[in-house]
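Student: Dumping the structure here so I can ask a few things about it.
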Amino acid sequence: MWKTLLAVTVSWQLALVLLSRKTNKQSILELLALAEADLLRTLREEMKLRKHPRLPEIERRLKELDRHQD
């Protein structure tokens, strides 16, 4: 899980640098959405293992992200 968190952190930092250089903002937003979805999928797997009570909330957010990516 720590690898995913590191990847998401790097993605956010990269996105902020790109935004500051006025690159294609839509591409950056898509990158951030993919990073968020990846993190949520990892969290979902961890929560399933621990039977966490907030799992339905994570599932709902993932469904929202999937709808927006289609």
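Student: Inside the stretch 44-67, can you point out the residues that are in contact with a helix residue (DSSP H, G or I) (Cβ under 9 Å, 6 or more places away or on another chain), surrounded by 12 or more Cβ atoms within 10 Å (Cβ to Cβ) and either touching a residue at least 40 places away in the same chain (Cβ under 8 Å) or not in a helix (DSSP H, G or I) (or both)?
Tutor: Selection gives His52 alone.
Student: Just the residues that are aromatic (Phe, Trp, Tyr) and modelled with pLDDT under 70, please, taken from the stretch 1-47.
Tutor: The one that is aromatic (Phe, Trp, Tyr) and modelled with pLDDT under 70: Trp2.
The values are calculated or read from the model by the stated rules, or taken from the named source; none is laboratory data. Every value quoted in this text rests on a predicted model; they were computed, and no experiment measured them. FYI the Cβ positions are ideal-geometry reconstructions off the backbone, even for glycines, and counts take in every protein chain you see.
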